[in-house]
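Accompanying notes for the structure given below.
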Amino acid sequence: MYLQSVELHNFRNFSERQFDFCPGINVFFGLNASGKTNLLESIHVLSNLRSFRTRSFRELVQWEQKEAYARGSVHAGNTNRQVDLGIKTLAVGIKSNTRTSLLNSKPCKSSKDYLQVLPSATFVPDDLSLVKGAPAHRRYFLDKGTFHFYPPYWSLLTDYNRVLRQKNILLRKEQHQKKRHDETCDIWNLQLQTFGSKILVQRVFFLRQLQRLLVDVYAKWLGTSETVQLAYKTSIGLAEDALRQVGESKLHDAHQYVSDEYGEAIERAREREYRLGATIVGPHRDDIELTVAGRPLRAYGSQGQQRTAVLALKLAEIHLFYEQYHEFPILLLDDVTSELDIQRNMKLFEYLQQGMQVFMTATNRPDFPTHQQLSCTYIELGV
Ligand code: ATP
Ligand code: MG
């Protein structure tokens, strides 16, 4: 699978542009403010239906314009995943801060099919939100990874979020009317328990696989034996040991165990939820804790350790994908070469030659050693 071309219309500083890519390394270079990150962002939006810079779609539309779109052609050959072969087109249209998505020129009813076409991993060195940001950043990473690892996860999440919205509406109504509707609440709780415990188990399984690969990634590509440790922190009150056992147990046993604990947590939270008018237990409140040598990375890690951890997590995510499907997601790197010393740059280049499609930005055209098997396309922007 690789992205063949992208067509942009009123997307940020691009009024009308088309770019063709090679299946190997694609380098966008040029002066500051020439549009390198914007082009990378358009690929990210096509892949993920969201930007890595903003939650507001309006910002992506060129100033003074009303609408924008990005369209991409994906060559979906040689895939071991359950997506059809051949050329697929992805398109994202933006109008008045809302986006529409099209798969093969047809409006997409479920994002699930769309998001499986062009999986990607993005590394933006400045962005430490995975370490230092709000739990929502880590949950997004977790959900995206778990979904690619186990695609039925998508419907679990959609079902869970739908019921969660309904329960929260009920809780607010109870507060407003000062009247309880325990029976209806029980119905929502039961559904949340069913979907929520499955979500939790899949997340813990995914994290366990990721942790296994992190050790390799650090040793092989980052040249250090110090590894970041991931711990799932759940609002349903399961201790680390119990979660470790969940990760190692058989699926059915794990579901049953987590579901029982979940049910008890719901009961414990009932009064507080009624008072607060919000659901306070469940996967929507969970988080991952990152530690190095037993200490939380967000509080004690150096800038370099935090960056390395983010890069390691992305690389481990890529490897897990490869292990499962024998193909790589596309890799998006913004301004990475300027952040690394020469030795690390050489290592990075070695890494990129494993056969994945890469999009990277650089202010100066980087001098990669030429290589016969490797296709390289240089696109100069701002000229
Ligand atoms: P650097 O090397 O500094 O990272 P860059 O090439 O990555 O630069 P971009 O971030 O892609 O630069 O931005 C290029 C230009 O696009 C900037 O001058 C910015 O002001 C402009 N820009 C951003 N959003 C919009 C928009 N919605 N409409 C028009 N232009 C925009
Ligand atoms: Mg940039």
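No value in this document is a laboratory result; all are computed from the given coordinates. As the structure is a computational prediction, the values presented were derived from the model and not from experiment. Methodologically, a virtual Cβ is constructed for each residue, glycine included, from the backbone with ideal geometry; neighbour enumeration extends over all protein chains shown.
List of remarks:
- Spin-label model, Ile187 to Arg365: label points 7 Å out along the Cα-to-beta-carbon direction sit 6.6 nm apart.
- Loop trypsin sites (Lys or Arg not before Pro), the range 224-279, which have at most 13 other Cβ atoms in a 10 Å radius of their Cβ (DSSP): Lys250
- Rounded to the nearest whole angstrom, the semi-axes of the ellipsoid equivalent to the range 313-358, taken from the Cα gyration tensor as √(5λ), stand at 21, 10, 9, largest first.
- Relative contact order [Cα under 8 Å, 6+ residues apart], the chain, whole percent: 26
- Spatially close Lys pairs in the range 138-291, defined by Cα atoms under 26 Å apart and a spacing of eight or more places or different chains, total 12.
- Overall dimensions of the range 138-291, expressed as equivalent-ellipsoid semi-axes from the Cα gyration tensor (√(5λ), whole Å, largest first), are 33, 15, 14.
- Label-point separation, Ser155 to Arg17 (7 Å along Cα→Cβ), nm: 4.1
- Seen against the Cα atoms of the chain and their longest principal axis, helix 342-352 is set at about 80 degrees.
- Sparsely packed loop sites in the range 180-211 (the trypsin sites (Lys or Arg not before Pro) outside DSSP H, G, I, E and B with at most 15 other Cβ atoms within 10 Å) comprise Arg180.
- Cβ-derived FRET efficiency at R0 45 Å, Ile342 paired with Lys106, nearest 0.05: 0.40
- For the chain, the normalised intensity computed at q = 0.10, 0.11 Å⁻¹ comes to -0.72, -0.86 (log10 of I(q)/I(0), Debye sum over alpha carbons, equal scatterers, no solvent).
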